[in-house]
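K.L.:
One structure coming up, written as structure tokens, with questions to follow.
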Amino acid sequence: MTDNSDDTIIVLLIEDSEADAGLIKAHLAGRSDPSFTLHHETTLHHGLKRLQETVVDIIVLDLSLPDSGGFETFQSVKEAVHGVPIVILSGTKDDQVALEAVRQGAQDFFSKDEAISESLGRSLQYAIERFHRQRVEREIDAAAFIQQRLYPRPLPPLPGFDVAGRCTPANQVGGDYFDYFLADGNSLILVIGDVSGHGFGPSLVMAETRAALRTMATTTDDIGTMIRRVNELLVHDDLGPFVSLFLARIDVTTRFCHYASAGQPAELIRADHSAETLEGSAPPLGILAGSPLAVHETQLRENDTLLLYTDGISERSPGPPELFGVSRMRELIADSAELTAAQTLERLFDEANAFANARPAADDMTAIVLKVVSAY
């Protein structure tokens, strides 16, 4: 509804019959919670002129006007307004016309007998609510599509490494983030992040973090510097959500790995099935300016597997207190030595979901699997 202190719904009725308009106005005049204010025009021309002068919440439109007829009338009004629902008014009840009206974008279709009734106000209110709900759903779908496009595409063949990543949001848009890409031709960057919260806000923070890290990877090879600068950016912007992050930079020639953690661990499963947690003591990003951050290093060897993950996987649960947990993830990775990174990733998600008895996930599930393989 428009920004009225008394929550009044502003209606524009474009109807050439003064008698019908009077009856509609009488029915709406007796309504409260919400109340209605009706503007009435008798021609398309005057209706379009009114729309230039007045902000309205809904338009009730007769398809047969002195200066326009049929669905051309509807299209003319639709093209003149954005973000305003239109309800079609007709002298007869015709199901085919009603279906076509909805197909072309009308929120509802009333015969005049239906419109001139006690239920009109309620029907108009429902039409407004339905219109705005549909618009939000379209915006969410668009955001989800864009977010999926931000996830990395498969790397070109990289001798000695096999990499795969996946994110399954708990909602249509999520706060988890993963990325992998080649920097300076000889370094493989892996990063995974978990933004606190769900929905549009965290997804925007995720996009900002991704863009900042990708940009900084072109100016420095020091992952500590990269993370500290992102932290300063998030603290300065004071967006609200914080970001737990794990970042690794691997020399593809020597297989030497530098990594840093800001509240986000990773798991390294060796060829002999031994495992170690890669982590640090730094807090998540976006909380404190100047937070200390240590960069660690380790040597990757053939048949090792590096698993970056968010807690949407490790905390997958059929119900408290049971969790999928890190031990199960380690065992699964060790038992998947013969599988590709993509196959291992798929198995990880499948088994975590099976463990939870396929209950809807309460959190985003995100992981990267890096396998160190023979270069020949």
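K.L.:
Residue by residue through region 219-234, note down the ones that are surrounded by fewer than 21 Cβ atoms within 10 Å (Cβ to Cβ) and either part of a strand (DSSP E or B) or under 23 Å from the mean Cα position of the chain (by Cα) (or both).
P.N.:
Passing the criteria: only Leu233.
K.L.:
Identify, by number, the condition in (1) of a type in the set (Gly, Ala, Ser); (2) in contact (Cβ under 8 Å) with a residue 60 or more places away in the chain; (3) part of a helix (DSSP H, G or I) that Ala248 doesn't meet.
P.N.:
So Ala248 meets the others, but not (3).
K.L.:
Moving on. For region 347-376: of the residues being part of a loop (DSSP other than H, G, I, E, B) and buried (at least 18 other Cβ atoms within 10 Å of the Cβ), which is modelled with the lowest pLDDT?
P.N.:
Per the criteria, the residue is Ala361.
K.L.:
I need the full set of residues from region 39-67 which are in contact (Cβ under 8 Å) with a residue 60 or more places away in the chain and β-branched (Val, Ile, Thr), in order please.
P.N.:
Ile58, Val60
K.L.:
Out of region 316-346, which residues are crowded, with 16+ Cβ neighbours inside 10 Å and of a type in the set (Ser, Thr, Tyr)?
P.N.:
Matches in region 316-346: Ser317, Ser336, Thr344.
K.L.:
Specify which of the listed residues (Gly121, Gly197) is under 30 Å from Ile86 (Cα atoms) and either in the same structural domain as Ile86 (by TED's automatic domain parsing) or assigned to a loop (DSSP other than H, G, I, E, B) (or both).
P.N.:
Going through Gly121, Gly197 in turn, the sole match is Gly121.
K.L.:
Restricting the first residue to region 190-205 and requiring it to be without any contact (Cβ under 8 Å) to a residue 24 or more places away in the chain and on the phi > 0 side of the Ramachandran plot, which pairs with a second residue that is buried (at least 17 other Cβ atoms within 10 Å of the Cβ) and part of a helix (DSSP H, G or I) meet a Cβ separation below 9 Å and a spacing of at least six or different chains?
P.N.:
none
K.L.:
May I pose another question? Residues in region 191-218 that are surrounded by fewer than 24 Cβ atoms within 10 Å (Cβ to Cβ), more than 14 Å from the chain's Cα centre (by Cα) and among the aliphatic types (A, V, I, L, M): how many?
P.N.:
Matching residues across region 191-218 total 5.
K.L.:
Sticking with this structure for a sec: Can you name every residue in region 34-81 that is farther than 20 Å from Ala127 by Cα and in a strand (DSSP E or B)?
P.N.:
Answer for region 34-81, where residues must be farther than 20 Å from Ala127 by Cα and in a strand (DSSP E or B): Glu41, Ser64, Leu65, Ser68, Gly69.
K.L.:
Among the residues of region 149-184, write down those that are modelled with pLDDT under 80 and either part of a strand (DSSP E or B) or more than 17 Å from Asp363 (Cα to Cα) (or both).
P.N.:
Arg149, Leu150, Tyr151
K.L.:
Only one residue in Gln299, Gln264 is closer than 22 Å to Ala341 by Cα, surrounded by 16 or more Cβ atoms within 10 Å (Cβ to Cβ) and among the polar types (S, T, N, Q). Which one?
P.N.:
The match here is Gln264.
K.L.:
Of the residues Glu18, Glu72, Glu53, which is at pLDDT below 90 and exposed (fewer than 13 other Cβ atoms within 10 Å of the Cβ)?
P.N.:
That would be Glu72, the only listed residue that is at pLDDT below 90 and exposed (fewer than 13 other Cβ atoms within 10 Å of the Cβ).
The values are calculated or read from the model by the stated rules, or taken from the named source; none is laboratory data. The shown structure was predicted, so the numbers you read here are calculated from the model rather than taken from an experiment. Quick reminder, even Gly has a Cβ in these numbers, built from the backbone with ideal geometry, and neighbours come from all protein chains shown.
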